[in-house]
Amino acid sequence: MDDELRERVRREAERAALFNALKHGSDAQVGAIMGPMMGENPEFREHGDEIPGVIAPVIEDVNGMSDDEQRERLAELAPEDVEKLDSEDEEDDQPLPDLPNAEAYDEVRMRCAPNPNGPWHLGSARMPAVIGTYKEMYDGWMLVRFDDTDPETKRPDLDAYDQILDDLDYLGFEADEVIKASDRVDEYYEHARRLIGKGGAYTCSCPGEEFSELKNSAEACPHREKDPETVAEEFEAMVDGEYESGEMVLRIKTDIEHKNPALRDWVAFRMVDTPHPREEASEYRCWPMLDFQSGVDDHLTGVTHIIRGIDLQDSAKRQRFLYDYFDWEYPEVLHWGHVQLDAYDVKMSTSTIKELVASGELDGWDDPRAPTVQSVKRRGIRGEAVVDAMVDLGTSSSDVDLAMSSVYANNRDLVDDEAPRQFLVRDGFEARGEGDGESYEAVVVPVDGGPDEATPQVHPEHPDRGDREIPVGDGVLVEAADLPEQGDRVWLKGYGPVRYDGERFEFLDADIDIVREEGVDVVHWVPADDNVEVRLRTMDGDATGYAEPGFADQSVDTVVQFVRVGFARVDAHDAEASVAYFTHP
């Protein structure tokens, strides 16, 4: 990368970071601006490996500015972006762009079509978030259709059907109808028979490599001109399970000379020897391919608008051949790019997560290290925070980056006002991934001369909620990193000022001005004797520690704010210890 291009990258990054920070009211992240910046500047892409290192210090500088400084700088660089921010503030923005030709339909009908080979990872949540939001925008209709017609390669997980519906409920949406494709195989057979009767399909027993060579050479398969009666007979033999896997397929007759080889005479049905895990579908051996099954179902369920990945553009083109044979009107289609996610070491892949769970490397789909919907739910992140972050990504055909910081900012707005404050002193760290992580040590310090009890507020912005009563006893626990040098002072939050003599805290006669005017540190603490042992589960590993005694009275599912540590969801209380899941800073 030459100096001129490097400067352009810095300038574009600063503009994007300023806009992102002001729009979301939180720190800009490298991941959040990389995708849009690369999409708007294609010439940057070949330098993708270098760009994060170039823009990271720029973003750090932006995050160090006040809101006013950010706004002033953005006005210098791109006054039109400031106008855009102002117009967004003034308008009641609709969350998503208009659907194409929505006015042409009596009802907007959309479908979410998960493969139930496992619960949803966070990338999967984008589809229901956007479709559910469109349903609300247009007072429309939403179908959940489980595309479970691949009992072998993407083998359905029997638990995943209900888990996915639970995930949908967590995100705040409800389907108007739920269907399983594996319940509808006879319907697909009937449409295949109709297609054969129209001369639009033929049975083919060519080995895969042989057909691939013919297809790529734009040469017709020798079976292509079979008479419909023979095709019908052989298809019925497929339905009856008389062929082995790979021995016979049914192909849609398209254009064998089409400029795109992927569209030439594609497979509609194939034989699968592995029984479906659902008992109701376990007898079938002739299974539709997704393009056939999905195309038929979209028509039969009246879907008006389809959103699918940019990598599935060929699916729409294949299905149009099918729709032409039946003289059906094809739905409106939007293609979007992939979602990439920061903050996780685990790949956002159902098969990868499933393997890690099976091997014991992850404790389950709700392990805090797993980039899954179940995980963020257990951490105390509300579905609305995830949905808003997904909707903010829009429907661009470019790949986009989801910064977890934007999810956290959304969630912070939702939980901060309700979350009671608590103290937690950490006393250890058990790394469960690569690296040593961060260690903590709780130190016992006797206290002389102060009150017997501290009474910090339950919530600093809501004094009407009262105070917490925390006994001090003979001493307190503080984190070793907060222990001052001998002779220095600290302010024990909610208790008052103390001086450390190297062994003990001596209570002082001073007011809060020593914090405001003299820079005395404020630290959190818990009683050395009367406390609650806590295991705090985080994305990096488990931290152990001690909470103030009132933590034992916090109900499961309550999100608290551990002062100076972050938000956490109360997961369990038992005789030995309490468990909390770290939500976010």
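The values are calculated or read from the model by the stated rules, or taken from the named source; none is laboratory data. Bear in mind the structure is a predicted one, so any value in this text is a computation, not a measurement. Methodologically, a virtual Cβ is constructed for each residue, glycine included, from the backbone with ideal geometry; neighbour enumeration extends over all protein chains shown. We work out accessible area using only protein heavy atoms, side chains counted, and drop any ligands, DNA or RNA first. Shrake-Rupley method; radii C 1.70, N 1.55, O 1.52, S 1.80 Å.
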(message) Largest first, please: the extent of the C-alpha atoms of the stretch 349-492 along each principal axis, to the nearest Å.
(response) 65, 39, 25
(request) Kindly provide the pair-distance distribution of the stretch 226-347 built from C-alpha pairs, with 5 Å bins from 0 and whole-percent values in order of increasing distance. (result) 2, 9, 15, 17, 18, 15, 13, 7, 3, 1, 0, 0
(request) Pop a pseudo-label 7 angstrom from the Cα along the beta-carbon direction at both D557 and E4 and give the gap in nm to one decimal. (result) 6.1
(message) Need one number: nm distance between label points at D511 and E190, each 7 Å from Cα along Cα→Cβ, rounded to one decimal.
(response) 8.4
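Would you rank S315, S439 by solvent-accessible area, highest first, keeping every protein chain in place and using a 1.4 Å probe? Present the calculation step by step, with values, prior to reporting the outcome.
Values: S315 10, S439 95 Å².
Largest to smallest exposure gives the sequence S439, S315.
If one computes P(r) from the Cα atoms of the stretch 1-146, what percent of pairs lie at distances over 22 Å?
Details: 6017 of 10585 pairs.
Cα-Cα pairs in the stretch 1-146 separated by more than 22 Å: 57 percent.
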(request) Show that you can apply the helix-only estimate: for the chain, add -39,500 (n - 2.57) for every DSSP H stretch of four or more residues, divide by all residues, and state [θ] at 222 nm to the nearest 500. (result) -10000 deg cm²/dmol
(request) Compute from the Cα atoms of the stretch 496-559 the Rg and the Dmax, the latter being the longest Cα-Cα distance, and quote both in angstrom. (result) 16.0, 42
(request) Output ³J(HN,Hα) for the stretch 70-82: one whole-Hz value per residue in order, computed from phi by the Karplus curve 6.51 cos²θ - 1.76 cosθ + 1.60 with θ = phi - 60°, and x for Gly and Pro. (result) 4, 5, 5, 5, 5, 5, 6, 7, 8, x, 5, 6, 5
(message) I'd like the orientation of helix 383-392 relative to the chain: the angle between its Cα long axis and the longest Cα principal axis, in ° from 0 to 90, rounded to 10.
(response) 70
(request) Run the quick spin-label model on D49 and E469: label points 7 Å from Cα toward the beta carbon, then report their separation in nm to one decimal. (result) 6.5
(request) Work out from phi, with θ = phi - 60° and the Karplus expression 6.51 cos²θ - 1.76 cosθ + 1.60, the ³J(HN,Hα) of each residue of the stretch 506-520, listed in order in whole Hz, and give x for Gly and Pro. (result) 9, 5, 10, 8, 8, 10, 5, 4, 5, 7, 6, 9, 10, x, 5
(request) Enter the Cα centre distance for the pair the stretch 428-498 and the stretch 263-304, rounded to the nearest angstrom. (result) 61
(request) Using only Cα positions of the stretch 137-284, each an equal point scatterer, no hydration layer, compute I(q)/I(0) via Debye at q = 0.11, 0.14, 0.17, 0.21 Å⁻¹ and quote the log10 values to two decimals. (result) -0.55, -0.81, -1.01, -1.25
(message) Treating the chain as a set of equal point scatterers at the Cα positions, no solvent, please give the Debye-formula log₁₀ I(q)/I(0) at q = 0.12 Å⁻¹.
(response) -1.26
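Take the cross-link list K23/K377; K259/K354; K154/K253; K180/K347 and give me the ones stretching past 30 Å between alpha-carbons. Let's see the in-between values first.
Details: K23/K377 25 Å; K259/K354 39 Å; K154/K253 26 Å; K180/K347 28 Å.
Listed pairs above 30 Å: K259/K354.
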(message) Test of understanding: given the chain, find the longest segment containing no trypsin sites (Lys or Arg not before Pro) that are in a DSSP loop and have at most 15 other Cβ atoms within 10 Å.
(response) 1-197
(message) Among DSSP bridges having both ends in the chain, what percentage is antiparallel? Round to the nearest 5.
(response) 65
(message) Could you tell me the relative contact order of the chain? Use alpha-carbon pairs under 8 Å, at least six residues apart, and round to a whole percent.
(response) 11
(request) Provide the three semi-axes, in whole Å and in decreasing order, of the ellipsoid equivalent to the stretch 297-350 as defined by the square roots of 5 times the Cα gyration tensor eigenvalues. (result) 31, 11, 9
(message) Can you report the principal axis dimensions of the stretch 425-550 using only the alpha carbons, biggest first, rounded to whole angstrom?
(response) 47, 38, 29
(message) Past the 14 angstrom mark, what percentage of all C-alpha to C-alpha distances in the stretch 364-445 do you count?
(response) 74
